[in-house]
1. Would you mind ranking VAL59, VAL92, VAL49 so that the residue whose beta carbon has the fewest other beta carbons within 10 Å leads the list?
2. Using 0.36 nm per residue, how much length does the chain from THR50 to ASN139 gain when fully extended, once their Cα-Cα distance is taken away?
3. Return the aspartates and glutamates within reach of LYS122: Cα separation strictly under 17 angstrom, same-chain partners fewer than 8 residues apart disregarded; answer none if there are no such residues.
4. Take the Cβ-Cβ distance between GLU71 and LYS154 as r, set R0 to 22 Å, and report the resulting FRET efficiency rounded to the nearest 0.05.
5. Short version: ³J(HN,Hα) in whole Hz for each residue of the range 50-61, in order, from phi by Karplus 6.51 cos²θ - 1.76 cosθ + 1.60 (θ = phi - 60°), x for Gly and Pro, what are they?
6. Which cross-chain or sequence-distant (5 or more) residues have an amide H under 5 Å from the amide H of SER84, H modelled 1.01 Å from N in plane?
7. Give me GLU57, GLU78 sorted ascending by neighbouring Cβ count inside 10 Å, so fewest comes first.
8. Could you state the principal axis extents of the C-alpha atoms in the range 47-152, from the largest down, to the nearest angstrom?
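Rule-based calculations on the coordinates, nothing more; no lab input. Values in this document were obtained by computation on a predicted structure and should not be read as measured data. Cβ coordinates were reconstructed from backbone atoms using ideal geometry, including for glycine residues, and neighbour counts include every protein chain displayed.
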Amino acid sequence: MKISLRSASAQYLFAFLLGVTIAATFASASRASTTSGASTPTSPPDALVTRGRYLVEKVGMCADCHSPRNEKGGFIHERWLSGSPLGFAPTVPMPWIPFAPPIAGLPTMTDAQAISFLQDGKRPDGSTPLPPMPAFRFNAEDARAVTAYLKSLKS
Ligand code: HEC
């Protein structure tokens, strides 16, 4: 009886040690992969820029007016948001600007000016853009994200 108990605990001990060995092997393998990953120069994704890109590309649809198109109507991706003549016009007389200026890199505004503009629609000089520029009213956080994304692009 005593012998069988001892052998049972020996089995548990063996299983336990085996488990520790396997865990240690996996831990060192994952450390090794982390170490090799660190040598690759990849910057961590910037959450603010990622959110700003989503707001610009999927919500504000800024490219519809601000990105130039090729002869087939598709976006010229190398010139993303670099300004474009509009491909449409109003059917009734109204104030209208037929060209959407470049917004990649936001060349005409500082970060603070852009964040303010995206919330209240006023340029730094107090003027408001004419149609068809929509009067966006982003909240402060989203205005910061849109600005971070646009500033991350080359102007
Ligand atoms: C329906 C077309 C249209 C869409 C969509 C649009 N814009 Fe515009 N945007 C314009 C036009 C046209 C102007 C020029 C207005 C003017 O000069 O009075 C303009 C002006 C601007 C300006 C002012 C630039 C300056 O130097 O004065 C900024 C900044 C801007 N847009 C950002 C954006 C952003 C960001 C988005 C998306 C969230 C966006 N626009 C979506 C048409 C558009």
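1. VAL92, VAL59, VAL49
2. 30.4 nm
3. ASP111, ASP142
4. 0.35
5. 4, 5, x, 4, 4, 5, 6, 8, 10, 10, x, 6
6. Those lying under 5 Å, H to H, from SER84 are ALA100.
7. The order, fewest Cβ neighbours first, is GLU78, GLU57.
8. So the three principal-axis extents are 35, 31, 22 Å.
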